Amino acid sequence: MYPPIFEVCAADLGVTALLGSSPLRLWPFGEPPQNTPLPYVVWQTVSGQPDNYLGETPDVDSWSLQIDVYADTATSARNVAKALRNAIEPAAYITRWGGESRESETNHYRYSFDVDFIVQR
């Protein structure tokens, strides 16, 4: 019932080299714990659905996720986004590069993109 974003990223050495592994700084619901060190990543489900059939239960679930990277430099944000892309693309589809921005309250750099997972049950 949940996209395997954490499992995919936690298994990738390029991601864990940048985001740690205990804990992996990849947080659901778009919110990290307070005082999380940079860089970190948040994700949230934008939409999702089972692949419904008449007379049968679904055998596939799909999700669209928004992923946001936060870092103290533009280079760091881009490097984390690149590591995430490399880890995620074998398991899912990147469907949108959302752009780069700077948070007005924190001055953190932000890189955003969307991912679609299609997972067999």
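Values quoted throughout were computed directly from the atomic coordinates according to the rules given, and no laboratory measurement underlies them. For clarity, every value in this text was computed on a predicted model and none was experimentally measured. No Cβ is skipped: glycine too gets one built from the backbone with ideal geometry, and neighbour counts run over all protein chains shown.
Quick notes
- Angle in degrees between helix 74-88 and the longest Cα principal axis of the chain, rounded to the nearest 10: 20
- When you restrict to C-alpha pairs under 8 Å that are six or more residues apart and normalise by the size of the range 5-120, the relative contact order lands at 25 percent.
- For the pair E31 and R78, label points projected 7 Å from Cα toward Cβ lie 3.3 nm apart.
- Computed E for Y53/Y93 - FRET, C-beta separation, R0 25 angstrom, nearest 0.05: 0.70
- Debye log10 I(q)/I(0) for the range 5-120, one point scatterer per Cα, at q = 0.10, 0.16 Å⁻¹: -0.31, -0.72
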